[in-house]
Structures are given as C-alpha cells and as structure tokens.
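A quick write-up on the structure given underneath.
The values are calculated or read from the model by the stated rules, or taken from the named source; none is laboratory data. Keep in mind that what you see is a predicted model, and the values were worked out from it rather than measured. With ideal geometry, Cβ positions are generated from the backbone for all residues, glycine too; neighbour counts draw on all protein chains shown.
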C-alpha cells in the first residue's frame, strides 16, 4: 500500500501552536528506562509523558487466558491521578478499560507468540501526563517496550491521530485541538505493510475528509516509526 | 538481494533480504522477503540470514544445562524455577531411583542446583535431571543473571572469555544456558566477577570486548593494565551457539561444568537410615 | 515477598556480618539519589526520585473542598499510593495492596505529624471551603526501600507545589489562575529506613536485602530535629539497642539527606 501525499491534501495554513497542518508535535522516545521490567519505553509527544513496560513471556497464572497453541497478551492502560487537570480517581474507568482493549487488539497482530505456547505477555501503559492523543502514543511506546523485551514480532506498531480542526484536516491533534475540533481519528499501523490495526473515529467527517484524515494519520505513523527505531538503536549504540 | 550488512542493528519488521537468501533464526519469510522478527544484530553466514537477539527469555531445550532454584516440593517431585516462562520439575525418581525418600530432606525451597533438561513435552512440561558430571546442589557462592542470548559471549570462543575471568579471579564459575551464572571464590573476587559479567552483558554487542574485559580485570585486581597487551583472538557476539559448543567442543565443557567438590550431590547412602 | 535463593541469602548475610554489602556500600550508606522536580506540568507540584534503581513519581494536586466539621479552619492532606505493575513482576493491577496502603499511610503520617504544611493557611473560608491537597505516589521501578524514596519524592513535590489564589466572596469561590502562591511549608522531613539482617541494622536496603530482612524500621525526622513518624515492619523482632542505634544514624544522616531538597 502506498499513499502519496500531494500538496492539495494540506494547505500551508498554520495551527494555533504554530505547527503546519501535517506536522507532528515534538517527539522523544527512550527505550529501556526501567530496571525491573523485561522491556520498557518512555515517550514524550507534545505535553504527553508516557511509560510503557513489558513483562514476559512468563508463566500464565491466569488459567482462563492460557492457550495451548500460543502465548497470550494482557494489556492495561492507566492514567496517573495527577496526569490531567482535575485529579482523576485512581483505578480503571470505562474509558481506560476500552483503551486497554483496543490497545491489545492494535498490538496483537504484530506479535509472533507461537513459540511461547501457554505463556503470557503483560503490557502496561502508564500515562504520567496527558495532553491529547495518549492512546496512540501509548501504543507507540508499548511496541518499543515489546521490542526491547525481545518479543518476536512481524513488525512494530505505531499510532498517530489525524482530525478536523477549524474545518481543516490536521495531523496529531493536541488536547486543545481535540477538544475544540470537529473530529478525531486515531490510527495505528504496522509500517512495513501499512496494515491498519487501530481505527477509531469520533466526530463528523465527509467521505473525502475521512480519506484525507486516514492518509495523513498513516503518514504521521511512518514518521513516528523512524523515531521508534532510533530509540531502540540508541539503547545499544549510545 | 540483500538490504543489510552483517552485524547491523535491526528492529522487528525490517526487511533483510529478498530471493536468494534463507531465513534463519530471528527472521521470517513473507512472500519473497526475509524480515527480522527481533531487535538484534544481523548474522550473515553464506546465504543464511539470522538475527541474534539482544534480549530474550530462556526457552528450555532437551540436553541444555541450566541453573535452577527449588521453589516447590510436591508429592514426588520438586518444582524448579529455571528463569523461563516454563518452570521445571525434578522428579524424585531422578534423584532416588526407585527408593522412597522424604524430598525436603534432600533439597529445600531456595536451594540452587545445576541441572540438565531431560525432556520438554508438548505441553511444555520441563523434566529436569541430575545425571552428568558436576550436576547437583551449589553450596555458597553468588548468582549473577544475564540475558540468555549473551551466554555464548560470556563464554567466548573456545571458552576464552570465561577462562580468562577464572584465571584472573581464581573463582569457580558455572554458566547455565538459562542465563544464570554461579560464581564462587574469594568474597571480593566474587563481586569483581559479578561486575565483569554484568559488563559483558551490557557490552556483548560491541567489538574488542575480550581485550576490554581483560584490561578491566587487571585494573580491578592489580590496579594497573596488563604489561603484555597482546591482541587476543576476538570472538563475535552471536557466533557461537552454546549448545553446539557444549556437545562438540572438548575445550568447552569445563565452562559449563563445576568442579565436583563444589557441588553437593545427593548422597543416597546417607538417607538410608532415615526411615 | 520474593523467594530468594538460599546461596544469595547466605552471601548477603556473610557480607553484612563483615560490614560489607553486595553493591560495595557501607552499612549506613545511601545509594545514589537523583531528584527532579516539576516534570508534570498538569500537577501543581511534582517530583521524580531515583534512589539507586528504585523510581517513584509523585504528583500533588490541590482541590477545593469542605473542611472536616471538627477542624473547620484547616486544609486537608490526602496521600495515596499505587504500586504499579510496571514496577515489579509480582505487582498486580487492581486495588492497592496492603503494602501500598502501609506505604501511603506512613508517608502521610510523616507529612502530617511533622506539621510541615501550614494547614491553617489552606483555609479559604472557615467552616466552608478549604484546600485539599491530594498527594499521589506512583511507584514505577521497585528495587528496594520505597519508604525513603517516597518521602523524598513527596517532600520535593510539596516544596514545588503552587496553589492558585482563591477568595471566598458572597458564597462563591473566585480563583485567580494567574496568581499563585507556594504551598505554605513550615518544616521539612526525610525518612531513613533500616533492615535488620542477622544482628546488623542496614540503611537503605536494596531489593535483595529487603527480601531476606528479619525486621524493618523506618524513621521520619524533621529538619528541626524531631522524630515525627516511625514504622516497624517484618516478622522478626528488634531490640531496644537496634532501634536506638537506628535513631542515632537517622539523626546523623539528616543533613546529608536535606541537601538533596534544596
């Protein structure tokens, strides 16, 4: 699958934070930042600060999850009480439960766990500070943590959202844009094949706008994918 | 067509080669393409392309030697933690033969043993045994854990790395293929050995490691660099499959085998009077 | 609690009997301490502390609430801790464990009883509105001695906490988001945790040392020199001498620890 972004998809207009319409926020990823976890990653994009850690493959102590032919994953997305403007009560709410589920589903197609039947891989995503787009950033960080843990994968998974703000299709919505905008389309892909493993859409878009948003999100994912690779490389070549 | 060089760092999903190459470990084939499934370093041997992982969990294989810790005592077997997604069992019959003995009198929870993987069945039940030279329970010493993929690097070509450490620290060292390493010697030397093993793990993917480790050992122990800094033969990370060495290379055996006097083998005659 | 290999238990015990430790520290020596503040801009106060490989992030968030009826003119402090499953293979997602609640309560006691926060200055309108400060401990990497790391992180976060200026007028709260004040602090406190292994008391236990402890003792001390909180843990007993020697060490370490909280 090849997408060609032509100039008429995005105009040269500037956004409130000074970014171009197709520009992602400043991004930083670091791999292997925790001592105890088998794999870990820290990611900052815009005001988001996210930690991801992986344990496993380990013995599956939850019998109902065990599968005799392959390893299984368990995923938890969790927000720190101080990660948002109004303190969030600790523990899972409906939103974080949904995000945990779609994150697991976004990542699962990338994993090659057949070599580890009856085992379990735990993926934990902790939002230390949230500033729009945490689910995509969480997926991006989790994939780095999985690679860092030495888990076999078909490809990395990388997430990025596009959306509609002030009538324009823009890439990587900030919190403010997400709140004030008309639509938000979070996407995750496996960059080598371009296969899409996460897709949500929240808000109103025309068919043409959705097409643009999807193409733009995929283009954003590809940029972020390069930063993922660098992060893993820096762990060993710094 | 090849897209990468030998020893290049790759991440999961990277395209390594097309057509005329064969997929080795750490890779998979998709159409005509061979892709990496791991974060690791490319290993090119003739037309076979593999990726040597920088980190991994130990997956037990029949014939491996491992270091394990007794974590459970059941009716006729011990449960053994072997630092793997699959825990091991040591059947009482492997230790006593047909005699009935009280298990907890032989090995207790927390005891650390050098064991052989006797069998791994379809449901990943890992049967362990103690038959073989040097197998049994460790007394004293310390444990160091490293990621199992770096075991070959710790051993070095024909045991060059491990023997160098043993010579300089006068420690006894036993390496399990599951990444656990037992070290016993003078208390200070045990800690130096541990630090050096951790350093090897951290820098296993770099070249010139044997010399650097040699310098480090001399600095830590003598306070100065070796006078005769000859170029020692450097082995490459990932080049050695430790299992092959274990089975085929006579020089290698002592890297895995402990001196027998250090290991407390279950002495059956001692238990006869118990019941 | 981890099962620890018997030979590891022996080697740690033997070292400690000779006043040595596996990582080369003296028995009364802390690991490296790194404190970073204001890393979470959405929290009014925040800090990350690394004590060796142990890592804790703390966020402090003020909210306006009603005072307790028996203390109508003072603000409220709430301390909560989450031992996140990223921090240790044995930590599970779910409601806080006993250990997590104990940690939060001991840190809370140290903050409260040191009277470091001038709670009366957190009163906006007596009997009606006060500031409630929520302190959330996020344990992200567990390599022993959460107590001292947590107290450091809380102290550092509180020292950097900014409160909006709130006024009470005609049954309404008016908040000036642009004008802020520092959280009113009267004192500082640190905590020193010891574990007893054999007959030795060891400061700042590593994970391995904690795994074989006979008993644990945490002592909170204020900058002004009062013992403000203590907690004994572990299944083994302590002698009076053990406790008094730990208190002595705590006093002698106080200034060294406070230097990290500038």
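Data table
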| quantity | calculated |
| --- | --- |
| Scope region B:72-82; condition within 14 Å of chain A (Cβ to nearest Cβ) and either more than 22 Å from the chain's Cα centre (by Cα) or at pLDDT below 95 (or both); matching residues | B:72 |
| Number of the condition not met by residue A:103 [criteria: (1) in contact with a helix residue (DSSP H, G or I) (Cβ under 8 Å, 6 or more places away or on another chain); (2) within 27 Å of residue C:163 (Cβ to Cβ)] | (2) |
| Cβ pairs under 6 Å, 6+ apart, first in region A:60-77 and assigned to a strand (DSSP E or B), second loosely packed, with under 10 Cβ neighbours inside 10 Å | none |
| Meets criteria (at negative phi, modelled with pLDDT of 95 or more, in contact with a strand residue (DSSP E or B) (Cβ under 8 Å, 6 or more places away or on another chain) and crowded, with 20+ Cβ neighbours inside 10 Å) for residue A:108 | no |
| Some residue of region B:200-208 being touching a strand residue (DSSP E or B) at 6+ places or on another chain (Cβ under 8 Å) and not in a strand (DSSP E or B) | yes |
| Any chance residue A:59 is surrounded by fewer than 24 Cβ atoms within 10 Å (Cβ to Cβ), within 14 Å of chain C (Cβ to nearest Cβ) and modelled with pLDDT under 95 | yes |
| Out of B:158, B:194, sole residue that is part of a helix (DSSP H, G or I), within 15 Å of the chain's Cα centre (by Cα) and more than 13 Å from chain C (Cβ to nearest Cβ) | B:158 |
| Given (1) part of a loop (DSSP other than H, G, I, E, B); (2) away from chain B (no Cβ under 14 Å); (3) in contact with a helix residue (DSSP H, G or I) (Cβ under 6 Å, 6 or more places away or on another chain), number of the condition residue C:29 does not satisfy | (3) |
| Region B:116-127: number of residues that are within 14 Å of another protein chain (Cβ to nearest Cβ) and either touching a residue at least 12 places away in the same chain (Cβ under 8 Å) or within 19 Å of the chain's Cα centre (by Cα) (or both) | 4 |
| Strands (runs of 3 or more DSSP E) fully within region B:1-67 counting 2 or more residues that are away from chain A (no Cβ under 11 Å) and touching a residue at least 12 places away in the same chain (Cβ under 8 Å) | B:15-18, B:40-45, B:48-53 |
| Check on residue B:49, farther than 16 Å from residue A:155 by Cα, buried (at least 21 other Cβ atoms within 10 Å of the Cβ) and in the same structural domain as residue B:121 (by TED's automatic domain parsing) | no |
